[in-house]
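Working notes, beginning with the structure itself.
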Amino acid sequence: MERYRLFIDGDWCDPVSNEWFESMEPYSGRAWAEIPRGTQGDADRAIEAAHRAFLAPEWAGLTATQRGALLRRLAELIERNVDRLGAIEQRDNGKLMAEVSGQVRNVAQWFHYYAGLADKVQGAVVPINKADVFNYVKYEPLGVVVAITPWNSPLALTTWKMAPALAAGNTIVIKPSEYTSASILELAKLAHEAGFPHGVVNVVTGFGGEVGEPLVRHRLTAKVAFTGGDIGGQRVNEAAAPGLKKVTLELGGKSPNIVFDDADLDQAVKGAISGVFGASGQTCMAGSRLLVQKSIHDAFVEKLVAAAGEARIGDPSKMDTQIGPIATRAQWEKILRMIEMAKAEGAVCALGGHALSGPEYGQGQFVAPTIFTGVRNDMRIAQEEVFGPVLCVIPFEDEEDALRIANDVEFGLAAGVWTRDLHRAMQCVDRLRAGTVWVNNYRSTSFTTPFGGYKRSGLGREGGVEAIKEYLQTKSVWITTKPNRANPFVLG
């Protein structure tokens with residue numbers, strides 16, 4: 001069994017606790033790696049190393065173009081190690097190999113994008129309203145960034161933070177989920193090989209209360225970037241607040257996927273399935289509330305149930321598998337509890353609604369694709385994030401009714417609209433309270449465009465030019481071009 005070590009200040013080291021914990025394969029249920037159990041001592045070491053690196057000429061003295069060259073080198077190393085990184089991540093969190101391999105290739109593209117953006121951040125000369133004064137605005141890095149990332153897409157969601165943070169000139173300490181740390185430690189190996197100076201990239205593993213909170217609260221932490229559930233994000237925000245630290249929070253969702261009666265129904269069925277059953281529903285942007293116009297409700301549900309019922313479920317390492325296991329035992333148990341809660345609330349289970357067991361399902365950490373009909377929007381199953389392959393179908397009368405239901409939730413991460421009517425589509429785009437709206441598609445993402453949520457779905461944005469701004473601060477510079485002979489006691 002492989003035993004990993006912490007990566008701090010350019011070196012591999014044992015945790016202060018001298019303790020490790022096992023990482024489990026979701027499909028087989030077997031332990032396959034030992035992960036260091038970091039504590040406050042390790043958090044302190046990592047933050048202090050990152051702070052020294054932030055000030056040291058080996059990093060601070062680089063031009064933005066030179067930083068971009070390092071990011072580009074890292075992207076090339078990732079491209080050469082796609083299969084190895086994908087296999088490690090798939091083993092650690094049970095995600096489909098077909099999906100992981102594509103995600104890892106996309107990770108390399110994120111680093112290429114921010115490598116190019118590193119020297120494109122431009123300030124401005126301000127036409128100031130005072131004579132004989134030259135004023136300009138410049139952007140500078142914040143300092144030490146703490147990135148706390150989840151178990152559902154470790155490499156991708158770490159990269160969403162790491163690439164813009166480094167492009168902007170910050171240093172970083174990454175705390176991955178205790179369930180899926182291996183691929184991030186492997187990423188640190190590649191960053192070291194790419195030539196980043198010691199202390200610029202650090203990885204500390206362990207549990208939230210033992211190492212995550214000390215990282216957030218450390219006096220030298222300048223910024224915290226977190227992806228996870230809304231309750232976890234709230235706690236991170238509260239822990240960061242006393243130090244007035246900047247935060248980016250990419251949190252949960254209960255996203256509406258709206259199907260109007262003029263939509264291409266076959267495409268909408270595919271969009272509904274990929275929107276909630278892709279990644280076994282373990283994605284924050286899942287279209288877990290399917291709003292269907294009443295005039296087509298029954299016919300659409302019939303098509304939907306038939307298509308979802310044909311899903312190939314099983315070993316995630318096989319390229320033709322469509323739905324794999326749930327990543328953690330705790331999450332599997334939570335999904336099953338919420339399914340039972342939905343049944344108790346009166347929702348009608350049209351498909352699935354149970355765990356799967358048998359030789360083809362490994363150790364049985366599977367949930368059958370589940371579709372509930374007869375769902376009211378005030379039911380808990382329609383209001384709370386399940387983070388699993390569970391879909392609620394909610395009927396609506398017309399556009400006003402659809403928008404009312406869609407917005408009647410605490411989250412606002414994403415939404416989908418299926419219609420052939422361009423005017424209706426644009427009206428929905430304007431009125432949906434969500435950070436991303438897809439029209440006639442679902443779950444599309446790109447490094448070129450921002451992603452983030454409204455309401456309890458988070459703060460700030462990841463992706464595109466917007467993301468690099470999250471890791472910069474603004475400085476205004478005033479230069480006198482002619483001596484001022486006026487009274488020094490009067491503000492000029």
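Which one is modelled with the highest pLDDT among residues in segment 10-32 that are farther than 13 Å from Thr205 by Cα and surrounded by 17 or more Cβ atoms within 10 Å (Cβ to Cβ)? I'd like the intermediate steps shown before the answer.
We begin by selecting, within segment 10-32, every residue farther than 13 Å from Thr205 by Cα; these are 10-11, 24-32.
Cutting the leftovers down to surrounded by 17 or more Cβ atoms within 10 Å (Cβ to Cβ) gives us 10, 24-27.
Numbers: Gly10: 98, Met24: 95, Glu25: 95, Pro26: 95, Tyr27: 94.
So, considering only residues that are farther than 13 Å from Thr205 by Cα and surrounded by 17 or more Cβ atoms within 10 Å (Cβ to Cβ), the one modelled with the highest pLDDT is Gly10.
Would you be able to say whether some residue in segment 132-140 is farther than 21 Å from Gly10 by Cα, of a type in the set (A, V, I, L, M, F, W, C), in a loop (DSSP other than H, G, I, E, B) and at pLDDT below 95? Let's see the steps before the verdict.
Going residue by residue through segment 132-140, those that are farther than 21 Å from Gly10 by Cα are 132-140.
Restricting the remaining residues to those that are of a type in the set (A, V, I, L, M, F, W, C) gives 133-134, 137.
Remaining after also requiring in a loop (DSSP other than H, G, I, E, B): none.
Within segment 132-140 (the criterion being farther than 21 Å from Gly10 by Cα, of a type in the set (A, V, I, L, M, F, W, C), in a loop (DSSP other than H, G, I, E, B) and at pLDDT below 95), the answer is no, since none of the residues qualifies.
Inside segment 289-317, can you point out the residues that are part of a helix (DSSP H, G or I), open to solvent by less than 10 Å² (accessible area, probe 1.4 Å) and either among the aliphatic types (A, V, I, L, M) or within 19 Å of Pro359 (Cα to Cα) (or both)? Outline the logic, then answer.
Looking only at segment 289-317, we keep the residues that are part of a helix (DSSP H, G or I), and these are 294-308.
Okay, now just the ones that are also open to solvent by less than 10 Å² (accessible area, probe 1.4 Å), so 300, 304, 308.
Correct list: Leu304, Ala308.
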I'm trying to understand the selection: among the residues of segment 197-217, which are out of contact with any strand residue (DSSP E or B) (no Cβ under 6 Å at 6 or more places or on another chain) and either in a loop (DSSP other than H, G, I, E, B) or charged (D, E, K, R) (or both)?
Pro197, His198, Gly199, Gly206, Phe207, Glu210, Glu213, Arg217
Scan segment 183-196 for residues that are out of contact with any strand residue (DSSP E or B) (no Cβ under 6 Å at 6 or more places or on another chain), more than 16 Å from Trp32 (Cβ to Cβ), crowded, with 24+ Cβ neighbours inside 10 Å and not aromatic (Phe, Trp, Tyr) and jot them down.
Leu187
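So, Leu220, is that one in contact with a strand residue (DSSP E or B) (Cβ under 6 Å, 6 or more places away or on another chain) and open to solvent by 30 Å² or more (accessible area, probe 1.4 Å) or not?
Working: in contact with a strand residue (DSSP E or B) (Cβ under 6 Å, 6 or more places away or on another chain): yes; open to solvent by 30 Å² or more (accessible area, probe 1.4 Å): yes.
So Leu220 passes the test.
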Checked segment 53-86 for anything among the aliphatic types (A, V, I, L, M), in a helix (DSSP H, G or I) and touching a residue at least 24 places away in the same chain (Cβ under 8 Å); matches are Ala53, Ala60, Ala64, Ala69, Leu70, Leu71, Leu74, Ala75, Leu77, Ile78, Val82, Leu85
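Given the criteria within 23 Å of Cys284 (Cβ to Cβ) and buried (at least 20 other Cβ atoms within 10 Å of the Cβ), does Thr180 qualify?
Working: within 23 Å of Cys284 (Cβ to Cβ): yes; buried (at least 20 other Cβ atoms within 10 Å of the Cβ): yes.
For Thr180, the condition - within 23 Å of Cys284 (Cβ to Cβ) and buried (at least 20 other Cβ atoms within 10 Å of the Cβ) - is met.
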Could you check segment 250-270 and list, in sequence order, the residues that are surrounded by fewer than 24 Cβ atoms within 10 Å (Cβ to Cβ), in contact (Cβ under 8 Å) with a residue 40 or more places away in the chain and in contact with a strand residue (DSSP E or B) (Cβ under 7 Å, 6 or more places away or on another chain)?
Phe260, Ala263
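Yes or no: Arg67 open to solvent by 70 Å² or more (accessible area, probe 1.4 Å) and not hydroxyl-bearing (Ser, Thr, Tyr)?
Details: open to solvent by 70 Å² or more (accessible area, probe 1.4 Å): no; not hydroxyl-bearing (Ser, Thr, Tyr): yes.
Answer is no for this residue.
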Number of positions in segment 108-127 that are outside any helix (DSSP H, G or I), in contact with a Phe, Trp or Tyr (Cβ under 8 Å, 6 or more places away or on another chain) and surrounded by 13 or more Cβ atoms within 10 Å (Cβ to Cβ)
3
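Regarding Ala49, is this residue touching a helix residue (DSSP H, G or I) at 6+ places or on another chain (Cβ under 9 Å), aliphatic (A, V, I, L, M) and open to solvent by less than 60 Å² (accessible area, probe 1.4 Å)? Walk me through how you get there before you give the answer.
Values: touching a helix residue (DSSP H, G or I) at 6+ places or on another chain (Cβ under 9 Å): no; aliphatic (A, V, I, L, M): yes; open to solvent by less than 60 Å² (accessible area, probe 1.4 Å): yes.
Answer is no for this residue.
Against the condition assigned to a helix (DSSP H, G or I), over 25 Å from Met379 (Cβ atoms) and either open to solvent by less than 10 Å² (accessible area, probe 1.4 Å) or modelled with pLDDT of 95 or more (or both), how does Gln331 come out, does it pass? Before you say what the answer is, go through the steps one by one.
Values: assigned to a helix (DSSP H, G or I): yes; over 25 Å from Met379 (Cβ atoms): no; either open to solvent by less than 10 Å² (accessible area, probe 1.4 Å) or modelled with pLDDT of 95 or more (or both): yes.
Against the criterion (assigned to a helix (DSSP H, G or I), over 25 Å from Met379 (Cβ atoms) and either open to solvent by less than 10 Å² (accessible area, probe 1.4 Å) or modelled with pLDDT of 95 or more (or both)), Gln331 does not qualify.
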Boolean, Val146 is surrounded by 24 or more Cβ atoms within 10 Å (Cβ to Cβ) and at pLDDT 95 or above:
yes
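Looking only at segment 348-372, how many residues end up being assigned to a strand (DSSP E or B) and open to solvent by less than 20 Å² (accessible area, probe 1.4 Å)?
Restricting attention to segment 348-372, the residues satisfying the condition of being assigned to a strand (DSSP E or B) are 348-351, 355-356, 366-367, 370-372.
Narrowing the set further to residues that are open to solvent by less than 20 Å² (accessible area, probe 1.4 Å) leaves 366-367, 370-372.
Number satisfying all stated conditions: 5.
The values are calculated or read from the model by the stated rules, or taken from the named source; none is laboratory data. Please read these numbers as outputs of a predicted model, since none were measured by experiment. So basically every Cβ, Gly included, is an ideal-geometry build from the backbone, and we count neighbours across all protein chains shown. Each accessible area value is taken on the protein alone, full model and side chains, heavy atoms only, with ligands, DNA and RNA left out. Shrake-Rupley method; radii C 1.70, N 1.55, O 1.52, S 1.80 Å.
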